[in-house]
Amino acid sequence: MRVFVTGATGFIGSAVVRELLAAGHEVLGLARNDEGAGKLARAGVGVHRGDLVDLASLVAGVQACDGVIHLAFIHDFSQYAASVEVDRRAVEEMAKALEGSDKPLVITSGTALLAPGRRFTCTPSSSSSTTSGHLWARATCIDIRCSGTVNSMRLIAIRPPSGPCVRHCSKSIWA
């Protein structure tokens with residue numbers, strides 16, 4: 001399977017890429033600069049130049065593969081709302097490009113989006129409007145699928161936990 005991975009050079013992305021390659025998959029990684037392109041090439045990953053703002057490039061990457069794992073996010077928290085909007089548009093365009101294809105789109109989102117004691121499902125009460133604080137914005141990417149913006153696709157949302165273990169124990173988890 002050929003998999004398009006955004007965020008392929010990041011913390012989680014590089015671990016996902018290693019696992020995909022080890023399982024025999026071909027990976028096409030999104031690279032926004034020469035440094036990232038070099039890192040991907042050295043790892044044996046195909047390089048697709050672009051970034052989250054370049055929607056045409058994202059769509060081309062999606063169309064060139066059998067599935068998508070979206071791990072990228074612009075971590076500029078001084079411009080958080082703008083970063084979230086870029087992410088929302090990127091997910092929406094990739095989802096539209098996959099519509100009707102039966103190709104999977106895997107996206108990540110934090111566990112902080114979940115209300116305590118509740119699971120997130122596609123129901124009217126699960127929309128981002130029920131998520132408090134600044135976290136509502138990341139939930140809008142999930143809402144793209146729940147709202148019917150894109151109807152016939154396979155969307156998988158993974159919510160890795162945050163906290164000290166993810167940041168400090170990752171070598172023992174993903175070594």
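The values are calculated or read from the model by the stated rules, or taken from the named source; none is laboratory data. Everything quoted here is computed from the prediction, not taken from an experiment. Neighbour counts are summed over all protein chains in view; Cβ atoms, including those assigned to glycine, are modelled from backbone coordinates with ideal geometry. Accessible surface is based on the protein model in full, side chains and every heavy atom, while ligands, DNA and RNA are left aside. Shrake-Rupley method; radii C 1.70, N 1.55, O 1.52, S 1.80 Å.
A few notes on this one:
- The helices (runs of 4 or more DSSP H) falling completely within the range 1-117 that include 2 or more residues that are at pLDDT 95 or above map to 11-22, 34-42, 55-63.
- Any chance S101 is more than 17 Å from the chain's Cα centre (by Cα) and either of a type in the set (K, R) or farther than 27 Å from E19 by Cα (or both): no
- Extreme residue, least open to solvent (accessible area, probe 1.4 Å), among residues of the range 21-46 that are hydrophobic (A, V, I, L, M, F, W, C) and farther than 13 Å from T6 by Cβ: A37
Rundown of residues vs (1) more than 12 Å from the chain's Cα centre (by Cα); (2) surrounded by 18 or more Cβ atoms within 10 Å (Cβ to Cβ), yes/no style:
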{"position": "V53", "(1), (2)": "yes, no"}
{"position": "Q63", "(1), (2)": "yes, no"}
{"position": "D66", "(1), (2)": "yes, no"}
{"position": "I69", "(1), (2)": "no, yes"}
{"position": "S78", "(1), (2)": "yes, no"}
{"position": "S83", "(1), (2)": "yes, yes"}
{"position": "M94", "(1), (2)": "no, yes"}
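- Meets criteria (touching a helix residue (DSSP H, G or I) at 6+ places or on another chain (Cβ under 8 Å) and surrounded by fewer than 18 Cβ atoms within 10 Å (Cβ to Cβ)) for A8: no
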